[in-house]
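J.: First the structure, then my questions, so here it is.
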Amino acid sequence: MDKFQTLEDIFANDQFDILNVKPKVSTIRNADERLSASFSEVNDFFVQYNREPQPNPANISEFQLYSRLKSIRSDIEKMESLEEQDIHGLLKLEPKEINSIDDIFNDDSFDLLEDDTDLFDFKHTPKTEERMATDFVAKRKPVKDFDKYESLFKEIQSDLATGKRKLVDFKMGNLREETYYVHNGVLFLLEEINIDRKDHYKKDGTRVREDGRTKCIFENGTHSNMLKRSVEKILYANGKVVSENIEKVNESFIEKFSAITEEDEAAGYIYVLRSKSRDDRITEIDNLYKIGYSKVEVEERIKNAEKDPTYLMAQVKIITSWKCYNMNPQKLEQLLHNFFGKSCLNVDIFDEKKRRHTPREWFIAPIDVIEQAIELIISGEVVKYSYDEVSCIISKK
């Protein structure tokens with residue numbers, strides 16, 4: 001006769017608890033759990049430093065948290081799902097407290113109180129963007145000496161059509177004199193900005209923002225003197241910046257640093273690359289580029305990028321490059337590195353032998369801003385400007 005007659009006898013005689021197997025619990029988190037854990041790290045940062053994370057290139061961890069918070073704030077569904085977890089109010093926009101007439105005027109975000117339009121000329125108030133755009137057209141007057149601008153506008157349109165120039169997104173705070181912009185398909189030149197009110201804070205802590213009148217010349221032969229901040233806002237809502245003519249940048253580059261003849265030999269290449277890395281520390285950072293120098297052609301130099309810590313141990317994409325003659329391209333490279341120094345990537349990369357490296361040629365700056373910096377170095381005007389690593393714009397010192 002068998003020792004165990006039934007299955008119950010077998011389980012009842014499990015002296016070593018071998019048959020008591022607990023089901024495995026999956027450790028894989030779903031999307032909501034990942035979002036919650038991600039925001040918890042932002043909350044932990046706020047508790048530790050009593051502030052929200054900033055776009056600090058010198059601290060890659062803080063920069064990642066800043067990018068993460070920015071991404072969450074841009075998605076209303078994510079914000080709603082994290083409402084109970086938002087114990088520090090990081091996802092809420094608190095209304096500003098208005099205690100006086102001065103507070104109203106100094107918080108005039110849309111220039112409603114500084115516009116020349118008669119408040120009683122209309123029955124219904126349009127949306128702010130519509131009003132500013134309408135004013136931008138309505139206040140234009142004919143340009144008496146338009147003949148000196150007409151050929152310039154034709155050249156810009158030709159450059160755009162042939163790809164020598166391109167249209168890039170406008171960023172708030174990046175308005176510059178002698179620069180071409182496009183609003184609602186209309187090309188115009190921002191010739192002058194006359195600041196009559198500096199950015200400052202009153203004794204009670206109220207901010208008074210910088211502003212003044214502009215001189216905008218339009219390709220249809222008219223001009224406008226709209227407020228600087230109003231121009232910024234309509235461009236931010238529906239506008240583009242016209243980049244520099246890349247061929248002229250290259251020509252200026254050559255003329256400034258060399259006198260090319262058929263006997264001259266190339267000194268090397270200045271190049272700009274984008275990483276194809278899948279490392280979250282890299283992919284979370286917008287406008288991250290490598291600015292470098294190579295004696296050989298760039299394609300040859302980057303052949304084994306995925307094995308080189310200089311290239312973040314990943315393949316790269318060539319964004320643009322310049323061939324240099326009769327000059328010291330290392331000097332230009334160093335000037336660019338110094339100019340963008342505060343936005344230098346600070347991250348440790350390990351090679352195939354697990355040795356640690358900290359690449360110092362990767363910078364956080366939009367490609368059009370890098371091209372502007374090269375132009376400023378070529379012209380010698382770079383000493384008058386600096387790069388703001390927070391707003392990612394070049395501004396006068």
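The values are calculated or read from the model by the stated rules, or taken from the named source; none is laboratory data. Given the structure is predicted, the values throughout are model-derived calculations rather than measurements. A quick note on method: Cβ atoms are made from the backbone with ideal geometry, for glycine too, and the neighbour counts reach across all protein chains shown.
J.: Could you please find all residues in the range 353-386 being touching a Lys or Arg at 6+ places or on another chain (Cβ under 7 Å) and either in contact (Cβ under 8 Å) with a residue 60 or more places away in the chain or over 16 Å from T179 (Cβ atoms) (or both)? I'd like the intermediate steps shown before the answer.
T.: Going residue by residue through the range 353-386, those that are touching a Lys or Arg at 6+ places or on another chain (Cβ under 7 Å) are 361-362, 378, 384-386.
Across the range 353-386, the qualifying residues are E361, W362, I378, S386.
J.: Of the numbered conditions (1) touching a residue at least 24 places away in the same chain (Cβ under 8 Å); (2) in contact with a Leu (Cβ under 9 Å, 6 or more places away or on another chain); (3) surrounded by fewer than 17 Cβ atoms within 10 Å (Cβ to Cβ), L35 satisfies every one except a single condition; which is it?
T.: Looking at each condition in turn, L35 falls short on (3).
One line per residue, one yes/no per condition, for (1) among the hydroxyl-bearing types (S, T, Y); (2) modelled with pLDDT of 90 or more:
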site: M327; (1), (2): no, no
site: R355; (1), (2): no, yes
site: T358; (1), (2): yes, yes
site: E361; (1), (2): no, yes
site: I364; (1), (2): no, yes
site: I377; (1), (2): no, no
site: I393; (1), (2): no, no
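J.: From the residues in the range 187-203 that are of a type in the set (A, V, I, L, M, F, W, C) and in contact with a strand residue (DSSP E or B) (Cβ under 6 Å, 6 or more places away or on another chain), which one is farthest from K154 (Cα to Cα)?
T.: Our first condition is that a residue be of a type in the set (A, V, I, L, M, F, W, C); within the range 187-203, this holds for 187-190, 193, 195.
After this cut, where a residue has to be in contact with a strand residue (DSSP E or B) (Cβ under 6 Å, 6 or more places away or on another chain) as well, the list is 188-190, 193, 195.
On the way: F188: 12, L189: 12, L190: 16, I193: 23, I195: 30 Å.
For the range 187-203, the residue satisfying everything is I195.
J.: Scan the range 303-317 for residues that are closer than 17 Å to K354 by Cα and not in a helix (DSSP H, G or I) and report the count.
T.: 4
J.: Among the residues that make up the range 150-165, is at least one of them touching a helix residue (DSSP H, G or I) at 6+ places or on another chain (Cβ under 6 Å), among the aliphatic types (A, V, I, L, M) and closer than 25 Å to Y385 by Cβ?
T.: So far as the range 150-165 goes, no, none of its residues is touching a helix residue (DSSP H, G or I) at 6+ places or on another chain (Cβ under 6 Å), among the aliphatic types (A, V, I, L, M) and closer than 25 Å to Y385 by Cβ.
J.: Among the strands (runs of 3 or more DSSP E) lying completely within the range 228-302, list those that include at least 3 residues that are at pLDDT 90 or above.
T.: Fully inside the range 228-302 and qualifying: 266-275, 288-294.
J.: In the range 359-371, which residues are in a strand (DSSP E or B) and either aliphatic (A, V, I, L, M) or surrounded by fewer than 17 Cβ atoms within 10 Å (Cβ to Cβ) (or both)?
T.: Correct list: I364 only.
J.: Please go through the range 329-358 and give me each residue that is of a type in the set (D, E) and assigned to a helix (DSSP H, G or I), ordered by number. Quick ask: steps written out before the conclusion?
T.: Filtering the range 329-358 down to residues of a type in the set (D, E) leaves 333, 348, 351-352.
Across the range 329-358, the qualifying residue is only E333.
J.: In the range 283-299, how many residues are surrounded by 18 or more Cβ atoms within 10 Å (Cβ to Cβ) and either more than 25 Å from I72 (Cβ to Cβ) or more than 15 Å from the chain's Cα centre (by Cα) (or both)?
T.: Here the count works out to 6.
J.: Which residues, taken from the range 198-224, are surrounded by 19 or more Cβ atoms within 10 Å (Cβ to Cβ) and assigned to a strand (DSSP E or B)?
T.: D211, T214, C216, I217, F218, H223, S224
J.: For the range 328-352, give me each residue that is over 18 Å from S277 (Cα atoms) and free of Cβ contacts under 8 Å to residues at least 24 places away in the same chain.
T.: Scanning the range 328-352 gives K331, Q334, N338, G341.
J.: Give me the pairs: first residue in the range 44-69 and within 20 Å of C344 (Cα to Cα) and not assigned by TED's automatic domain parsing to the domain that holds A365, second residue assigned to a loop (DSSP other than H, G, I, E, B) and among the hydrophobic types (A, V, I, L, M, F, W, C), beta-carbon distance under 7 Å, and six or more apart or on different chains, which are they?
T.: If the second residue must be assigned to a loop (DSSP other than H, G, I, E, B) and among the hydrophobic types (A, V, I, L, M, F, W, C), the pairs left are P55/V390; P57/L345; I60/V347; F63/I285; S67/I285.
J.: So which residues in the range 143-197 are under 18 Å from S230 (Cβ atoms), assigned to a loop (DSSP other than H, G, I, E, B) and of a type in the set (K, R)?
T.: Answer for the range 143-197, where residues must be under 18 Å from S230 (Cβ atoms), assigned to a loop (DSSP other than H, G, I, E, B) and of a type in the set (K, R): K171, R176.
J.: Of the conditions (1) modelled with pLDDT under 60; (2) aromatic (F, W, Y); (3) surrounded by 14 or more Cβ atoms within 10 Å (Cβ to Cβ); (4) outside any loop (DSSP other than H, G, I, E, B), F105 satisfies every one except a single condition; which number is it?
T.: The number of the failed condition is (3).
J.: Restricting to the range 151-168, name every residue that is over 14 Å from E191 (Cβ atoms) and free of Cβ contacts under 8 Å to residues at least 40 places away in the same chain.
T.: S151, K154, E155, S158, A161, T162, G163
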